[in-house]
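What follows is one structure encoded as structure tokens, with my remarks underneath.
The values are calculated or read from the model by the stated rules, or taken from the named source; none is laboratory data. Since the model is a prediction, treat every value here as computed from it, not as a measurement. Note that each Cβ is placed from the backbone with ideal geometry, even for glycine, and that neighbours are counted across all protein chains shown. All accessible areas refer to the heavy atoms of the entire protein, side chains included, with ligands and DNA or RNA removed. Shrake-Rupley method; radii C 1.70, N 1.55, O 1.52, S 1.80 Å.
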Amino acid sequence: MGCFTVEGGHRLEGSLTVQGSKNGALPLLAASVLVNGTTCLRHCPDLTDIRAALLILDGFGCKTSFRDNVAVIDSAAADRYSIADETMREMRSSIVFLGALLGRFGHAEVSAPGGCEIGLRPIDLHIESLKAMGCVFEEEGSRLHCSCPNGLKGATIALSFPSVGATENLLLAASVAKGKTRVINAAREPEIVELADFLNRCGARISGAGEGILEIEGVASLTGCEETVAGDRIAAVTYMTSCAVTGGRLAVRGLDFNSLMPLVAPFEKAGCQIERSGDAINFAAPKRLKGFGMVRTMPYPGFPTDSQAAFTAMLAASDGTSLVVENIFESRFKYIAQLNKMGADIRVEGRIAVIQGVERLHGADVVSPDLRGGSALVTAALGAQGVSRVSAVHYIDRGYEKLEGVLASLGAVIERKT
Ligand code: EPZ
């Protein structure tokens, strides 16, 4: 399983170029089986979720290679469209291949990915939307046989929730559907804009990405092209909060400052400084962090749910009280019991975490409950008095490339033990 040992109390200072975005790269990998020919993704993060996605592409008959953060996918010979049950369970984000498979083959064999560490993770919005485009779903046990007997056709679809994954599947399927598709209440995350831009450079005709309404004029086919994956805004916040708990400072490169806008006010309320400076984002922490009142997680451009744990960990040792309301997932507070083992004073009431800031945390043996909860425990350990062991780091490896190496380069005393 592996664990990190962390000796807290070392001030983090320095600069980094943030890894490519996991949540940006995954839909681009899905798009590579939709387009004809070869796709090249530069600055692709080397993560277990990315390697799993490449194995899925191999399973379709694509030829893939991945070296030095460059993924190359030739989908010309792809002739299979099934994702194994256990793969869907292990990596639920593989549902994002659904729209691409239907667009390419008119068929897909997947399973409902089922729940994960942070919640039930239903796919009803994906299914309803694709049905509106002419897809037929037949269930056989946990397997879903998806087909579009008369081809994909454009439709007007109003999402009851701006689901990121459902929006991505709609972008992929509608790009090659017959006619026009309108998606109302579409997700507006930067990763949606990145996917739409990539598809447009492959020949798609998409407008409105990043706003609430997407318009997609289907085209006959798309041709693969090159893309540099954007910086990972969530990983950047992990490094900033890790700096903050040590009273440090950090210059982050390779990230669009605008993608961090929902976090600027909460960071400033906590006493941090965060500003654009040329091609970098300069971040500085105060000697003592302050409670920031309340944040509630919302779809972009609201406060990102993926940074909820990082902020809670940052404020565990601070002056004052903070409230964090988790509106997106139903069980994304599991890491808090682990923080309280480190001396935090946080009470969870349903979707609300009430953080009473304490003087300082102390080292403890803690267990990562999921990807972002795990990285938040490392953040907390960096500011704690003494040594902590954070186990189940395989969760963390799904979303952070060489986390311990990046933190050590900033002055952290952290070691991976297998
Ligand atoms: C994406 O997940 C991200 N994953 C998540 O990041 C992120 O937390 C989430 O978007 C929200 O920003 C990837 O991009 C790979 P959703 P996704 O569909 O697409 C409900 C991380 O840590 N819902 O926007 O699965 C769902 O239950 C991961 O990097 C339905 O009810 O998120 C949830 O409550 C975690 N029916 C809410 O919508 C559906 O059909 C948000 O889900 C789909 C979703």
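Checking each residue in region 51-74 for being in contact with a helix residue (DSSP H, G or I) (Cβ under 7 Å, 6 or more places away or on another chain), surrounded by fewer than 24 Cβ atoms within 10 Å (Cβ to Cβ) and either over 17 Å from V110 (Cα atoms) or outside the structural domain of T167 (by TED's automatic domain parsing) (or both) picks out C62, T64, F66.
Out of the residues in region 332-367 that are open to solvent by less than 40 Å² (accessible area, probe 1.4 Å) and not hydrophobic (A, V, I, L, M, F, W, C), which is nearest to the ligand (Cβ to nearest atom)? Across region 332-367, the extreme among qualifying residues is R332. Applying a threshold of 6 Å to beta carbon distances and a minimum spacing of six or more residues, or different chains, the list of pairs starting in region 76-101 at a residue that is without any contact (Cβ under 8 Å) to a residue 40 or more places away in the chain and ending at one that is of a type in the set (D, E, K, R) reads S82/E109; R92/R121.
Any idea which residue in region 101-136 is nearest to the ligand (Cβ to nearest atom), counting only those that are surrounded by fewer than 17 Cβ atoms within 10 Å (Cβ to Cβ) and more than 21 Å from the chain's Cα centre (by Cα)? Residue satisfying both the conditions and the ranking: E128.
Here the condition is being farther than 17 Å from M91 by Cβ, among the hydrophobic types (A, V, I, L, M, F, W, C) and in contact with a Pro (Cβ under 9 Å, 6 or more places away or on another chain); of L377, L382, L410, L403, it holds for L377 alone.
With the condition kept exactly as written, say whether any residue in region 341-360 is under 21 Å from the mean Cα position of the chain (by Cα) and either free of Cβ contacts under 8 Å to residues at least 12 places away in the same chain or part of a strand (DSSP E or B) (or both).
Residues of region 341-360 that are under 21 Å from the mean Cα position of the chain (by Cα), as a first pass: 351.
Now narrow it down to the ones that are either free of Cβ contacts under 8 Å to residues at least 12 places away in the same chain or part of a strand (DSSP E or B) (or both): none.
Scanning region 341-360, I find no residue that is under 21 Å from the mean Cα position of the chain (by Cα) and either free of Cβ contacts under 8 Å to residues at least 12 places away in the same chain or part of a strand (DSSP E or B) (or both), so the answer is no.
Yes or no: region 306-314 includes at least one residue that is in contact with a strand residue (DSSP E or B) (Cβ under 9 Å, 6 or more places away or on another chain), without any contact (Cβ under 8 Å) to a residue 60 or more places away in the chain and farther than 15 Å from G119 by Cβ. Taking every residue of region 306-314 in turn, none turns out to be in contact with a strand residue (DSSP E or B) (Cβ under 9 Å, 6 or more places away or on another chain), without any contact (Cβ under 8 Å) to a residue 60 or more places away in the chain and farther than 15 Å from G119 by Cβ.
Residues in region 178-197 that are open to solvent by 10 Å² or more (accessible area, probe 1.4 Å) and within 15 Å of the ligand (Cβ to nearest atom): N185, R188, E189, P190, E191, V193, E194. Against the conditions (1) within 28 Å of E404 (Cβ to Cβ); (2) in contact with a Lys or Arg (Cβ under 9 Å, 6 or more places away or on another chain), G59 satisfies every one except (1).
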